[in-house]
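Remarks on the structure that follows.
The values are calculated or read from the model by the stated rules, or taken from the named source; none is laboratory data. The structure presented is a predicted model; accordingly, all values stated were derived computationally and were not measured. Cβ coordinates were reconstructed from backbone atoms using ideal geometry, including for glycine residues, and neighbour counts include every protein chain displayed. The accessibility values were calculated without ligands, DNA or RNA, using every heavy atom of the protein model including side chains. Shrake-Rupley method; radii C 1.70, N 1.55, O 1.52, S 1.80 Å.
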Amino acid sequence: GGKQNVLSDNKKLRQAINYGVDREKIIRYVLKSRGTSGVNGPIPPGMPGYDKDLKGYSFDKVKAKQLLSEAGYPDGKGLTLKLTVSNDDTQKLIGESVQEQLKDLGIDAQLDFMQASTLRSAQVGGEIAFWRGNWGADYFDPENFMALFYSKNHSPMGPNYTHYTNPRADSLYELAMKLTVFSERKKLYNEMEQVVLEDSPLIILY
């Protein structure tokens, strides 16, 4: 989010949390097997540009604990997070699942429930650090997903709600916007996805 917080300052902590979430479990028990595990990049299956060979985050407790130590919070000691989710039933269950999974790593995550509309405006205003959101494409092009990671799109001006900023991601995005041959654009978006995954500004659940 917009406010400086332990998450925005600590990449290893964000990566630890990403490895600590068991997406398969959430899909199986909360979503009753609806959805595909978000283990690749931001561009989802079914969207042009999707790369099944792109290695994102999947559940790995050993890696999560190791990164947690490297981040300065061995076994989650001294770390309290607030996770904001909307108070719709399914979102509540997702929030509780993530809370439980983080607790398993020793991380104390407190849940904060909000009306969906309040959560949306808090998200746009950059007022919250760690929250559950969703994104549906408006048009059939991978650019619609990668626009979320372009620094000139920081909310409220655009859909970059995490206020993610990386000059490398920006230059790949800008170059892709200038190209018309899809295979060349795809290559740049997939490379941009890799940059984003490494920085870990979000947890792609499903």
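A 1.4 Å probe run over the chain, with the rest of the protein chains in place, finds 52 Å² accessible per residue. The Thr165 and Phe140 beta-carbon pair, evaluated with R₀ = 22 Å, returns a calculated FRET efficiency of approximately 0.20. Between Gly56, Gly20, Gly125, the GNM of the chain built on Cα springs shorter than 10 angstrom shows Gly125 fluctuating the most. What is the stretch 61-115 by shape, rounded, prolate or oblate, if you read a ≥ b ≥ c off the alpha carbon gyration tensor as root eigenvalues and call it rounded for a/c under 1.5, prolate for a/b larger than b/c, and oblate otherwise? Since a/c reaches 1.5 and a/b is larger than b/c, the shape of the stretch 61-115 is classed as prolate.
The fraction of Cα-Cα pairs per 5 angstrom bin, counted from 0 for the stretch 49-206, comes to 2, 8, 15, 18, 18, 17, 13, 6, 2, 0 percent, rounded to whole percents. Stokes-Einstein diffusion for the stretch 1-120 at 37 °C, viscosity 0.692 mPa s, with a Kirkwood radius from C-alpha pairs, works out to 212 µm²/s. Compared with the dominant Cα axis of the chain, that is its longest principal axis, helix 182-199 is turned about 20°. Checking the a/c ratio against 1.5 first, then a/b against b/c, what shape does the Cα gyration tensor give for the stretch 7-75? Judged from the Cα gyration tensor, the stretch 7-75 comes out oblate (a/c at least 1.5, b/c at or above a/b).
Between the alpha-carbon centres of the stretch 27-88 and the stretch 110-155 there is a gap of 16 Å. Over the chain, with every protein chain in place, what whole percent of the accessible area is carbon and sulfur at 1.4 Å, could you tell me? Ligands and nucleic acids excluded, carbon and sulfur reach 52 percent. Projecting the Cα positions of Gln66, Thr84, Pro159 onto the charge dipole of the chain (unit charges on Cβ atoms of Lys, Arg, Asp and Glu, taken about the Cα centre) puts Gln66 furthest along the positive direction. May I ask for the percentage of alpha-carbon pairs in the stretch 83-168 that lie more than 20 Å from each other? Everything past 20 Å amounts to 44 percent.
With contacts taken as Cα pairs under 8 Å and at least 6 residues apart, the chain reaches a relative contact order of 26 percent.
Determine the gain in length on full extension of the stretch Ser183-Lys52; use 0.36 nm per residue of separation and subtract their C-alpha separation, reporting nm with one decimal.
Result: 45.6 nm gained on full extension.
The spread of Cα positions in the stretch 87-130, taken along each principal axis and listed from longest to shortest, comes to 31, 22, 10 Å.
Highest mobility in the GNM of the chain, judged by mean-square fluctuation with C-alpha springs under 10 Å and restricted to Asp104, Asp53, Asp75, is found for Asp53.
GNM on the chain, alpha-carbon springs under 10 angstrom: the most fluctuating residue among Lys12, Lys65, Lys55 is Lys55.
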